[in-house]
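The structure appears below as structure tokens.
The values are calculated or read from the model by the stated rules, or taken from the named source; none is laboratory data. These figures come from a predicted structure and were not determined experimentally. Here Cβ is always computed from backbone atoms with ideal geometry, including for glycine, and neighbour counts include all displayed protein chains.
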Amino acid sequence: MRLFTTVAGLRCYLHLRRSEQELAGTKLADVNPVTVGLVPTMGALHRGHLSLIHRARQDNHLVVVSIFVNPLQFGVNEDFQIYPRTLEQDQQQCEQADVDLVFAPTASELYGTDASVNNALTQVLPPAAAIASLCGRFRPGHFEGVATVVTKLLNLVQPDRAYFGQKDAQQVAIVRRVVADLNVPVEIVSCPIVREVSGLALSSRNQYLTEEERSQATVLYRSLQQAEQLFRAGNLKSSDLLTAVQAELTTTPALKPEYVELVDPVTLAPLERVEESGLLAIAAHIGSTRLIDNVVLRNRQPILAIDGPAGVGKSTVVRQVAQTLGLLHLDTGAMYRAITWLVMQSGVALDDQPAIAELVSQCQLELENQVKSLLSTPKVWVNGQDVTLAIRSAEVTAHVSTIAAQPAVRRSLVKQQQQYGRKGGIVMDGRDIGTSVFPDAELKIFLTASVQERARRRQLDLKNQGQPEVNLEELERTIYERDRKDSTRSIAPLRKAEDAIEIQTDQLTIDEVVAKIVSLYHQRLASLPKNY
Ligand code: PAF
């Protein structure tokens, strides 16, 4: 692991590593670009930060952690001077977490001047509405400081993805907004809050708390849980949910609430009712320490995500599962097939990514969402044309992997999949549903089978279709190669989500796999609050 404290060192290192890897990639005739993940921090790293680093490590070739206590985001009476600075320990933790580079500049290195005393700096101003609620109301200048430093770090590192903790929910929403408004080419990944067993959300500022305060602070999460319970029981009214939080908070007089608000998680505008989702957030002082916490309330039915490699019988299983459980089914594979069909139909070369990006962003893709019967395949339309059968052709099958690996295609279809699933009550199958499309799905299944078994099944399928016989070893090689491509591609690689349940299907019939998933779903449903 390398440590750099200057912009020059950082840039030079990243440039070299990118070209090195690109060279290695070219030699392997691999089309995957090198991906970089950035985890911006202010140091004093704890398990919350490590969860971001861990996620970045899974997703990218290179991981950069920035450690910078940003003077620009602290108010005059805030804790900039005493904020914990533990660079040596942070470095050790990064080393252990297999980080490639730590960037720890001084304020004058990053701003060219001491930003806390000098206002002569170009700043990024988030929209007024986004800073009018929650912390924005009580910390004037804070989000301008965050937006400015994050924009600078994104420009310096030029990562493919940047990782933020959901504990700072307003920060995540504002960074997403800034990145969208300024067309910064980065994916913002938000990771779940990490809590102590007591429920206290991890924060570098917890170091300020005495033992007694630490135990008093647990009321924050308890109060959010009270509201969550009420919400799950069917009460979607903001005033009732806020009252439930406040009632619990009053049980700990040592804690002085600054605000308790329920806002839209994206626009941050106050809500009267939770129609789809609401961000319930608190800030409070305990002694001289200011703490924040939040939960997202989702008014949706559960989502069942089924991922796994090609040839495990996913589509058949998923359709039967949807039918048995009465869930909607979204066949995400059909969406990638539809785009592949469109590309081939339009005569655009399969590697002309810019032209394909244009095609995808202008295309109208419609899927019949309902599983009507096991016999009829759900219909698919591209720009109004029924392509249900056409997308199953051998040509489309041969090229769908290439098209699905293209970032623009992926981005566009993932957005549409999230839109389809926003109300829940759906089963989706693919390669990255549990890891990237719905990382918060209530149940995630990862279906696998050995390469040998999948080759054997494929051979049988081909025979049943009256196709010429293909040698088993040849099929095994093709499947092995497809797995390698799918799991090493830089965009949405095939990977089992950590909280997914793996089902090895070698010795199981389709009916047995379906029965297993249905039973897991019922178990999961039983463990969820009533009104889910
Ligand atoms: O969340 C933080 O630690 C900081 O606000 C950030 C994103 C590193 C910007 O200074």
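The table for this structure:
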| item | result |
| --- | --- |
| Sole residue being within 16 Å of the ligand (Cβ to nearest atom) and either among the hydroxyl-bearing types (S, T, Y) or at pLDDT 95 or above (or both), chosen from L202, L224, L220 | L202 |
| Failed item, numbered, when I286 is tested on (1) closer than 30 Å to L475 by Cβ; (2) at pLDDT 90 or above; (3) out of contact with any Phe, Trp or Tyr (no Cβ under 7 Å at 6 or more places or on another chain) | (1) |
| Any hit, the stretch 124-144, residues being closer than 20 Å to S277 by Cα, assigned to a loop (DSSP other than H, G, I, E, B) and within 16 Å of the ligand (Cβ to nearest atom) | no |
| Residue list for the stretch 180-201, filter: surrounded by fewer than 16 Cβ atoms within 10 Å (Cβ to Cβ) and under 21 Å from the mean Cα position of the chain (by Cα) | A180, D181, L182, N183, P185, P192 |
| Cβ-Cβ under 7 Å pairs, at least 6 apart or on other chains, the stretch 229-241 side under 21 Å from A269 (Cβ atoms) and of a type outside the set (A, V, I, L, M), far side modelled with pLDDT of 95 or more and not in a loop (DSSP other than H, G, I, E, B) | F231/L241; F231/L297; N235/L241; K237/R273; S238/L262; S238/R273; D240/L230 |
| Residue match in the stretch 402-415 (condition: within 17 Å of R319 (Cα to Cα) and crowded, with 18+ Cβ neighbours inside 10 Å) | no |
| Inter-residue pairs, beta-carbon under 8 Å, first under 13 Å from T148 (Cα atoms) and modelled with pLDDT under 95 and in the stretch 68-82, second within 11 Å of the ligand (Cβ to nearest atom) and of a type in the set (S, T, Y), 6+ apart | L72/T148 |
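Per-residue answers, yes or no, for (1) free of Cβ contacts under 8 Å to residues at least 60 places away in the same chain; (2) touching a helix residue (DSSP H, G or I) at 6+ places or on another chain (Cβ under 8 Å):
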| site | (1), (2) |
| --- | --- |
| G112 | yes, no |
| A128 | yes, no |
| L153 | no, no |
| Q158 | no, yes |
| F164 | no, yes |
| V179 | yes, yes |
| V184 | yes, yes |
| S198 | yes, yes |
| T210 | no, no |
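Per-residue answers, yes or no, for (1) part of a helix (DSSP H, G or I); (2) surrounded by 14 or more Cβ atoms within 10 Å (Cβ to Cβ); (3) at pLDDT below 90; (4) within 16 Å of the ligand (Cβ to nearest atom):
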position	(1), (2), (3), (4)
E22	yes, yes, yes, no
D30	no, yes, yes, no
L38	no, yes, no, yes
A44	no, yes, no, yes
L50	yes, yes, no, yes
V64	no, yes, no, yes
Q92	yes, no, no, no
D114	no, no, yes, no
